[in-house]
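Each reported figure results from applying straightforward, stated rules to the coordinates on display, with no laboratory input. What you are looking at is a predicted structure, and each value in this text was computed from that prediction instead of being measured. Cβ coordinates were reconstructed from backbone atoms using ideal geometry, including for glycine residues, and neighbour counts include every protein chain displayed.
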Amino acid sequence: MQERVLEFIEGLRGAGLAVSPAEAVDALRALTQVDFIDPASFKAALRATLVKRGRDLPVFEELFPLYFYGLGSGAGEGIPDEETLEALREEMGNGRAGERDGPASLLMMLMAGQGGEWETLIRQGARGAGTSQLYTRQQIGMYTRRIFEHFDWEGAERELEELLRRLEERGWDPQRLRELRQLFEERREEFRAWVRHYVEREQALRSRGASRSDRARRLMAKPLSELDEAELQLMREAVYQLARRLRNKLALREKQARRGRLDVKGTLRRNMQHGGIPFQLVTRRRKREKVELFVLCDVSSSVARVSQFMLRFVYTIQDCLARMRSFVFVDELGEVTSFFAEESIEEGVRRALHEADIVYYARSDFGSVFRQFRDEYLQDVGYRTYILIIGDARNNQNDPCAEALESMARRSRGIIWLNPEPRPFWDTGDSVMGDYLPHLKEARVCRNLEDLERAVSSLLL
Amino acid sequence: MFRDPQDVVERLAEQRYICGLETATVIYLAQQLQKPLLVEGPAGVGKTDLGKVAAAALKWEFIRLQCYEGLDESKALYEWEYAKQLLYTQILKDVLAQELAGVGSLAEAVERVARQDEVFFSRKFVVPRPLLRAILSERPTVLLIDEVDKSDPEFEAFLLEVLSDFQVSIPEIGTLAARHIPMVVLTSNNAREMSDALKRRCLHLYLDFPGREQELAIVLAKVPGIREELASQVVEAVYRIRRLDLKKVPGISETLDWARALVVLNAERLDRETLSDTLNVILKYEKDITKARENLRQLVD
């Protein structure tokens with residue numbers, strides 16, 4: 001059983017759960033405390049020691065039956081009664097007097113074997129048949145057949161005939177013999193189900209083991225424009241976690257700022273009441289200003305994906321910022337701050353990408369957008385304000401109007417530009433990145449989540 | 001001590017806390033393995049109560065530490081009682097003067113005072129906070145660390161140390177080890193994901209809304225004088241309300257409040273009118289109440 005539990009843990013790890021060795025030890029210790037035979041407490045013990053996050057539960061529930069199939073019920077149902085078993089053992093012993101100590105015959109194993117014995121048997125069979133090429137679900141049927149047929153069923157049937165004949169000689173009544181034959185068939189089907197289970201488990205282990213654990217890592221590095229729908233869903237979660245992590249970090253820093261150096265003057269003043277004995281220490285606070293952020297997101301179709309994630313990211317860290325205003329643009333600028341303030345993250349981002357007061361199907365014109373920003377919003381920009389622009393700077397041959405950007409740069413603390421295109425593509429075709437570069441505090445390539453995290457954390461930390 | 005999971009179920013039931021065998025198994029394991037138990041789940045399913053009734057069932061001392069943002073060691077572990085120290089120095093001035101009688105130099109005076117300083121930094125002047133109380137307690141204790149997700153990440157790191165060794169070192173006094181390893185129950189609402197390090201050290205229990213039968217048993221156990229028919233109607237209605245898309249889904253505690261309210265109001269049975277009138281007991285947001293009113297037909301037969 002111990003071995004099986006360890007395999008199960010291996011399976012969980014393969015499915016992306018971080019089960020530490022200490023937790024594995026806990027699981028085994030826990031099992032010594034509960035009643036093995038009771039499946040519910042067995043399961044509860046494993047769950048309490050191995051699964052620590054709500055979202056890992058489905059994986060646990062999915063894998064558990066694969067590993068602990070038929071737990072507590074012996075090897076399937078319908079083991080023959082004790083008397084019959086005794087007769088079987090005796091007869092078979094007689095038949096093969098010389099091999100009494102040899103391995104039990106397949107027939108005997110089938111009729112009387114317990115769960116663990118069947119497991120071992122199947123494992124041997126699998127070794128013989130070879131499961132190294134088992135990868136996809138479609139192969140399950142084939143491998144089940146292959147392993148099942150690896151056993152010498154003809155031999156077992158011959159043995160059964162032999163056995164039945166001898167039992168008949170001993171005067172068993174025909175009805176009972178028929179039942180025995182019937183039982184043999186049933187047990188064989190049960191055995192087949194076990195084999196199938198074994199194959200399913202192996203398959204689950206292999207297919208998941210390879211992919212799931214580093215899927216998250218791959219996702220981080222995958223260009224945002226190439227994600228499919230399922231990955232987008234995962235990505236949303238990843239963005240959220242990333243932002244949370246960043247927020248925790250920020251909160252921590254805030255706390256550390258409170259534990260500044262000793263403020264001698266303040267300490268003396270505070271402790272006047274104690275006759276100058278410094279009972280309460282006063283520390284100097286390190287002041288750190290909260291960042292103000294204006295986000296300008298290009299939402300033309302070419303970069304909408306990146307913008308979407310950026311907006312999500314920014315939405316989540318809003319409360320770390322003193323003030324944030326968000327705009328989306330294509331060839332004119334629309335403010336979406338209120339969407340973020342009032343709506344949930346899903347709805348807010350969705351509205352920002354569809355319902356701002358701009359024409360979404362226009363052609364990007366960065367120049368006119370910057371002009372508009374300079375004329376309408378620059379007065380709100382202060383010395384603490386960063387301006388974050390997300391866009392590919394593909395200006396459709398319009399006037400880049402770099403001087404508008406320059407005045408924005410002068411007034412703000414700095415402009416940071418995230419470009420979803422790789423650097424070699426800048427300034428090719430209708431890209432005017434080169435015109436803007438001199439006025440930027442920073443220009444980064446932002447193709448995937450990793451880039452995004454780096455950009456935002458360098459901005460905030 | 002609990003003898004086995006079944007024993008947990010029975011003894012908690014004596015305290016009017018109904019739980020399934022799986023939950024009981026985990027509690028039993030926490031006791032046997034002497035590991036902290038991290039309980040997560042939606043609000044109002046009895047996470048906090050679990051700690052309380054476990055203490056009552058075991059007849060152990062119950063110590064509670066409520067977490068909040070900004071909670072630190074001096075609030076959770078121990079603190080020096082400055083005022084008392086100050087007071088004592090004032091009162092004992094004469095003794096101190098005697099002690100210093102005939103001192104020649106300043107250095108010698110400091111030396112003499114230093115010899116006495118452990119008097120002022122002894123157990124007498126330590127105010128034990130919940131964690132230290134649990135460690136020092138003569139009797140076995142159940143330590144409930146409530147809403148641990150509300151505390152700061154640093155505090156969590158500090159908890160790790162205490163929870164793994166159950167000993168505390170106070171620099172001026174030395175290391176104090178627990179006489180009895182307390183049974184520790186941490187509860188979390190998932191306001192913040194707890195660190196993996198903490199989770200690794202804990203057994204994990206996810207308490208969810210109970211099934212209808214279990215909730216009915218809970219209502220019958222906790223609300224005296226309720227008729228079974230009414231109770232099952234209440235449970236059924238709550239079950240249906242939970243399936244509406246609500247801002248705050250009612251927990252078991254709300255079910256109980258509601259059942260008690262209905263008993264007080266002498267309600268015979270739950271009809272649409274009664275439901276509509278008493279919705280504000282189970283739902284805490286105006287929006288939710290409106291939504292439930294709109295769906296009254298689905299909620300009661």
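Side notes on the structure shown:
- Theoretical FRET efficiency, 1/(1+(r/R0)^6), r = Cβ-Cβ of B:Glu229 and A:Thr428, R0 56 Å, to 0.05: 0.10
- Taking amide H positions as modeled 1.01 Å from N, with prolines and chain starts lacking one, the residues under 5 Å from A:Leu293 and 5 or more places away or on another chain are A:Arg323, A:Met324, A:Arg325, A:Tyr386.
- Listed residues A:Phe329, A:Thr385, A:Phe339: farthest to the positive end of the dipole of the range A:256-413 (Cβ charges): A:Thr385
- Contact order normalised by residue count of chain B, Cα under 8 Å, 6+ apart, percent: 23 percent
- Separation of the range B:84-144 from the range B:7-26 is 46 Å, based on Cα centroids.
- Equivalent ellipsoid semi-axes, chain B, via Cα gyration tensor eigenvalues times 5, rooted, Å: 51, 21, 17
- Vicinal HN-Hα couplings computed from phi for the range A:375-391 (Karplus, 6.51 cos²θ - 1.76 cosθ + 1.60; Hz; Gly/Pro x): 6, 9, 10, 4, 4, 8, 7, x, 6, 9, 8, 9, 10, 10, 10, 10, x
- Legend: ranking of residues B:Lys35, A:Lys441 from fewest to most surrounding C-beta atoms inside 10 Å; resulting order A:Lys441, B:Lys35.
- Mean partner shielding of peptide A:44-57, defined as the number of other chain Cβ atoms within 10 Å of each residue Cβ, is 6.
- Taking 19 Å as the cut-off, the amide N atoms of the range B:269-301 that come nearer than this to a point 7 Å along the Cα-to-beta-carbon line of B:Asp245 belong to B:284-299.
- Across all Cα atoms of the range B:129-244, the radius of gyration (one decimal) and Dmax (whole number) stand at 19.9, 63 Å.
- A:His354, B:His204 arranged by Cβ crowding within 10 Å, fewest neighbours leading: A:His354, B:His204
- Förster radius 56 Å - calculated FRET efficiency between A:Glu237 and A:Leu177 (Cβ-Cβ, nearest 0.05): 0.35
- Inter-chain Cβ neighbour count for B:203-212, averaged per residue, equals 3 (cutoff 10 Å, partner chain atoms only).
- Estimated FRET transfer efficiency when R0 is 56 angstrom, pair A:Ser344-B:Val95 (beta carbons, to 0.05): 0.25
- Helix B:212-222 vs. chain B, principal-axis angle (Cα, 0 to 90°, nearest 10): 60 degrees
- Of B:Ala134, B:Phe120, B:Leu96, farthest towards positive along the dipole that unit charges on Lys, Arg, Asp, Glu beta carbons give chain B: B:Ala134
- Under the simplified labelling scheme, the B:Leu86-A:Arg170 pair shows an inter-label distance of 9.5 nm, with each label point 7 Å from Cα along Cα→Cβ.
- Neighbour-count ranking [beta-carbon atoms within 10 angstrom, fewest first] of A:Arg137, B:Arg293: A:Arg137, B:Arg293
- Summed side-chain charge close to A:Arg127 - residues other than A:Arg127 whose Cβ falls under 14 Å, Lys, Arg +1, Asp, Glu -1: 0
- Around the amide H of B:Gln66, modelled in the peptide plane, lie the amide H atoms of B:Asp146, all under 5 Å away and 5 or more residues distant in sequence or on another chain.
- Label point 7 Å beyond Cα of B:Glu10 along Cβ direction - residues of the range B:56-87 with amide nitrogen under 19 Å: B:56-60
- Relative to the Cα centre, the charge distribution of the protein assembly as shown, modelled as +1 at Lys and Arg Cβ and -1 at Asp and Glu Cβ, gives a dipole magnitude of about 3140 debye.
- Nitroxide proxy distance, nm - points 7 Å out along Cα→Cβ at A:Arg270 and A:Glu117: 7.6 nm
- Out-of-range pairs (alpha-carbon distance over 18 Å; input A:Lys52/B:Lys75; A:Lys249/B:Lys248; A:Lys249/B:Lys35; A:Lys43/B:Lys222; B:Lys248/B:Lys291; B:Lys52/B:Lys199): A:Lys52/B:Lys75; A:Lys249/B:Lys248; A:Lys249/B:Lys35; A:Lys43/B:Lys222; B:Lys52/B:Lys199
- Per-residue mean of foreign Cβ neighbours for B:84-94 is 1 (Cβ atoms of other chains, 10 Å radius).
- Global geometry of the range A:302-461, whether rounded, prolate or oblate, following the gyration tensor of its Cα atoms and the 1.5 cut on a/c: rounded
- Computed about the Cα centre, the dipole magnitude for the range A:387-461 is approximately 320 debye when only Lys and Arg (+1) and Asp and Glu (-1) carry charge, each at its Cβ.
- Dividing the summed -39500 (n - 2.57) terms of all DSSP H runs of n ≥ 4 by the residue count of chain B sets its mean residue ellipticity at 222 nm at -15500 deg cm²/dmol.
- Cα centre as origin, Lys/Arg/Asp/Glu Cβ charges: the range B:177-262 dipole, Debye: 400 debye
- For the range B:97-173: rounded, prolate or oblate by the Cα gyration tensor [a/c cutoff 1.5]: prolate
- Amide H contacts of A:Ile389 (H built 1.01 Å from N, in plane; Pro and chain starts excluded): A:Leu296, A:Ile416, A:Trp417, A:Leu418 sit under 5 Å, all sequence-distant by 5 or more or on other chains.
- Within-11-Å neighbourhood charge of B:Gly20 [Cβ basis; K, R +1; D, E -1]: -3
- Where labels lie 7 Å past Cα in the beta-carbon direction, separation of B:Arg269 and A:Arg244 in nm: 4.6 nm
- Binning the C-alpha pair distances of the protein assembly as shown at 20 Å intervals from 0 yields a P(r) profile of 12, 30, 34, 18, 5, 0 %, listed from the shortest bin outward.
- Difference of contour (0.36 nm per residue) and Cα-Cα distance, A:Arg261 to A:Arg323: 19.4 nm
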